[in-house]
Amino acid sequence: MRVLLHLRELDEAISDWERYQKFSLEELKTDRDTRNMTLHAMLVSIQAAIDISSHLISQNGLKRPATYRETFDILAQASLIHEELAAELSDLAGFQNILVHVYWDLDLEEIYSILQNDLKTLRSFRDEIKELLSKGC
């Protein structure tokens, strides 16, 4: 099942993200390799969540999202994830868009805040998806 591949990718990226939380803001600002590793882990984990969501939308015949942000709202409307989690994931999808399209003008203090505070959202998503899959959805 394709969603399991994305779930494994999410697990691995979450592990990377956890390791990179040890970096200081100063390290992100001054060490290009550290910054690139961190941004890549964040990007991959958010994209994996989007891919999982897109697969579930397709599998369940739900409305096609117009944006990545909307992907999570559609899952919440179908009661596949909690609404509060969908809102948090939607914010991360917006951040992912910034990582992809405006990477040269990133606010490293904002990134550091997301690095330190938003991993819980992806863990919650992973856990809800694992629970959903265990029920055969």
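The values are calculated or read from the model by the stated rules, or taken from the named source; none is laboratory data. The structure displayed is predicted, hence computed values, not measured ones. Virtual Cβ from ideal backbone geometry, glycine too; neighbours counted across all protein chains shown.
Quick notes on this one:
- Only listed residue being crowded, with 17+ Cβ neighbours inside 10 Å and within 19 Å of LEU132 (Cα to Cα), chosen from LEU39, LEU75, LEU28, LEU119: LEU75
- Tabulated pairs, the stretch 11-35, first outside any helix (DSSP H, G or I) and at pLDDT 95 or above, second surrounded by 14 or more Cβ atoms within 10 Å (Cβ to Cβ) and not hydrophobic (A, V, I, L, M, F, W, C), C-beta under 6 angstrom, 6+ apart or interchain: PHE23/THR34
- The residues on offer are ILE14, ILE81, and the sole one that is crowded, with 17+ Cβ neighbours inside 10 Å, of a type in the set (Val, Ile, Thr) and closer than 23 Å to LEU106 by Cα is ILE14.
- Cβ separations smaller than 7 Å between residues 6+ apart or across chains give the following pairs from the stretch 106-127 residues that are under 12 Å from TYR20 (Cβ atoms) to residues that are part of a helix (DSSP H, G or I) and polar (S, T, N, Q): LEU115/THR38.
- Selection status of ILE81, touching an Asp or Glu at 6+ places or on another chain (Cβ under 9 Å) and at pLDDT 90 or above: yes
- Out of LEU115, LEU132, LEU62, sole residue that is part of a helix (DSSP H, G or I) and touching a helix residue (DSSP H, G or I) at 6+ places or on another chain (Cβ under 7 Å): LEU115
- Residue check: ALA87 meets all listed conditions (1) more than 17 Å from ALA13 (Cβ to Cβ); (2) touching a residue at least 24 places away in the same chain (Cβ under 8 Å); (3) not in a loop (DSSP other than H, G, I, E, B) but one, namely (2).
- Condition check for ILE81 on (1) under 20 Å from LEU7 (Cα atoms); (2) touching a residue at least 12 places away in the same chain (Cβ under 8 Å); (3) part of a helix (DSSP H, G or I): one failure, at (3).
- Of the residues making up the stretch 16-47, those that are among the charged types (D, E, K, R) and in contact with a helix residue (DSSP H, G or I) (Cβ under 6 Å, 6 or more places away or on another chain) are ASP16, GLU27, LYS29, ARG35.
- So GLN59, is it of a type in the set (S, T, N, Q), surrounded by fewer than 20 Cβ atoms within 10 Å (Cβ to Cβ) and at pLDDT 95 or above: no
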